[in-house]
Amino acid sequence: MARTVQCVVLKHEAPGLERAPYPGDLGKRVFEHVSKEGWARWLQHQTMLMNEYRLTPIEPKARKFLEGEMEKFFFGAGSQAPEGFQPPKP
C-alpha cells in the first residue's frame with residue numbers, strides 16, 4: 001500500500017514521497033508533510049524562481065535562497081513570484 005501524508009500544500013491526505021527529496025531537517029519535514037503532488041508544485045515554482053532570477057543551482061547563494069523559498073512555500077507564508085512576473089499564456 002502506498003504511503004500517505006497529510007499534505008501541507010493540498011490541505012488533505014494524499015500519496016507521499018518515496019524518499020526525502022532534500023537533505024537534512026528540511027528534507028525530513030518535507031518527506032513527512034508533503035505529498036507527491038505538493039512536491040511537483042514546488043518544483044514548478046522553483047523552476048520559475050530560477051528562470052526569473054537567473055539562478056545557477058551550483059552557486060551556494062542560489063541554493064541558500066532556494067532553500068529559504070522552499071521553507072516559506074511549504075511551512076511559512078508562501079513563496080511569492082517576483083514582482084511583475086507574468087505566467088506564460090497557454
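Please treat every number below as a calculation from the coordinates, not as lab data. Nothing here was measured: the structure is a model prediction, and the numbers come from that model. Because the Cβ atoms are built from the backbone with ideal geometry, glycine has one as well, and the counts that use them run over all protein chains shown.
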With bins 10 Å wide starting at 0, give me the P(r) of the chain over every alpha carbon pair, in whole percents.
16, 46, 29, 8, 0
Express in nm, to one decimal, how much length is gained between E18 and L43 on full extension, taking 0.36 nm for each residue of separation and deducting their alpha carbon distance.
7.4 nm
With all pairs of different alpha carbon atoms counted, what Kirkwood hydrodynamic radius in Å does region 3-48 show?
10.4
Once exposed loop trypsin sites (Lys or Arg not before Pro) are cut out (DSSP; at most 12 other Cβ, 10 Å), longest piece of the chain
55-90
Show that you can apply the helix-only estimate: for the chain, add -39,500 (n - 2.57) for every DSSP H stretch of four or more residues, divide by all residues, and state [θ] at 222 nm to the nearest 500.
-16000 deg cm²/dmol
One quarter of the C-alpha convex hull surface, i.e. the mean projected area of region 23-75 in nm², amounts to 3.6
Which residues in region 72-90 place their backbone N less than 18 Å from a point set 7 Å from the Cα of D25 along the Cα-to-Cβ direction?
72-77
Hydropathy first: keep DSSP H helices in the chain averaging at least -1.0 on Kyte-Doolittle, then drop any whose Cα extent along the axis falls short of 27 Å, and list what survives.
none
